[in-house]
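All of the numbers you see were taken from the coordinates with simple rules; none came from a lab. The structure displayed is predicted, hence computed values, not measured ones. With ideal geometry, Cβ positions are generated from the backbone for all residues, glycine too; neighbour counts draw on all protein chains shown.
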Amino acid sequence: MPLFQKYIGIDYSGAERPDSRIRGLAVAGASGDGSCHLLICPQYKSDRNLSIPDSKSHLWSRRNIYIWLRDQLLTSSERMIVGLDYGLSYPLTALDRLQLTDWDSFLSWSRRTWKTTRLTMKDSKQQVDYLNSTEKRLVEREFVPSTKSVMDLDRVSGMQGAVSYSTHTGLPWIGRLRRYQQHYGMKVHFWPYDGVNIPDDHHVIVEGYPSLYRRRMQQEDWSDTMSEHERDACYIARWMQERDQADTLLAYLALPTLSADEHRMIRREGWVLGCL
């Protein structure tokens, strides 16, 4: 029996400002019947003082993704799983250097350090005494070695598209959702930071990796006009939907192949859904 009714894939970007509507952001939804569709950004009060060209009115900003996702998690009667295409924590070695003993202390540090809910990534970098690193988390070293480090902020090639930029512009918004969970009773489970055993009545937020899913799925009959970012959002949503409808998603969430020490590790540095 499927665990969820809705499957949301979000392809992220650290480009431009938090209120900029950009083509590098895409949100896709899949349902139990297997259909997958792109979601158009709603109009919010926060947009009223912004001059938005008609050609960009359907595009998402990072702030609007946060608002929309928060509202969905608070009000949706259909249980959903949300896959985000960026890192949600640092490698254990870096967390130890920063003396951050759990994920909540990491989120608090990230919120204090990176001002990317109001600044561009470039401007935020100029205010931070950060240490660039190519270190990787366990899941990246052993299971998806093609990924780049979430801490490699000085990459010259593809700088704006680097996962490190997406990570550092996405984490402060995750911190806000975490506070809603802790202080307002939002029924959402941050996997695997809250553990791998998920309450039946909670939505779930996971870290996804569209390239991993694309290689393991049959070719989809999606529109040729869809951008790479839109396709990646759809791959996240469709892979989760496909696995759940086949009753195999639970194993990916439970991670039975990891040792007890590895389970303790991923409560701090996280995991990519789809790796066993």
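Would you mind counting up the charge near residue 107? Only other residues with Cβ under 11 Å from its Cβ, with Lys and Arg at +1 and Asp and Glu at -1.
+3
What number, in percent, do you get for the relative contact order of the chain if the mean sequence gap of Cα pairs under 8 Å and at least 6 apart is divided by its residue count?
It rounds to 30 percent for the chain.
Fully extended, how many nm does the chain gain between residue 122 and residue 259 (0.36 nm per residue separation, minus their Cα-Cα distance)?
45.4 nm
Report, largest value first, the span of the C-alpha coordinates of the chain along each principal axis, in whole Å.
That works out to 51, 49, 39 Å along the principal axes.
Going by how many other beta carbons lie within 10 Å of each one, how would you line up 202, 168, 58, fewest first? Display every interim value, and only then the final one.
Numbers: 202 17, 168 25, 58 13.
Lowest count first: 58, 202, 168.
In what order do 78, 135 fall by count of nearby beta-carbon atoms within 10 Å, going from fewest to most?
So the residues, fewest neighbours to most, are 78, 135.
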